[in-house]
Amino acid sequence: MINQYDVVESLIDIPKENLYIGDKGTVVEDLDDNYCMVEFLQKNSSIPKTVDPVPIMHKKNLKVVWKHNIKAIPK
């Protein structure tokens, strides 16, 4: 399951967005069970790629490489 703040890796190429297999990014918005918005990073850098707007990706085209595991702060 992919959630907000997870670090993911692209499993597909999207050349028109300058995104390629293996590009990594952070899920910035979990839209529903199938789609999320991902801010991808430049290779070997913490600087985001210039992709405007942030691409909406189908979760089947992503692989989790780091799972965000911080619980919400209780009210």
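For the chain, go through all pairs of different Cα atoms, get the mean of 1/r, take its inverse, and jot down that Kirkwood value in Å. Don't skip to the answer; put the middle values down first.
On the way: mean 1/r = 0.0796 Å⁻¹.
Over the chain, the inverse of the mean reciprocal pair distance is 12.6 Å.
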Under Karplus coefficients 6.51, -1.76 and 1.60, residue-wise ³J(HN,Hα) of the stretch 24-31 in Hz, glycine/proline x | 10, x, 10, 6, 9, 8, 9, 7
Given backbone amide H placed at 1.01 Å from N, residues whose amide H is under 5 Å from that of Lys49, ignoring those fewer than 5 places away on the same chain, are Phe40, Leu41, Gln42
Taking only pairs that are 8 or more places apart or on different chains, how many Lys pairs in the chain have Cα atoms under 30 angstrom apart?
-> 29
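Since every read-out is calculated from the coordinates, none of them should be taken as a lab result. Source: prediction; values computed, not measured.
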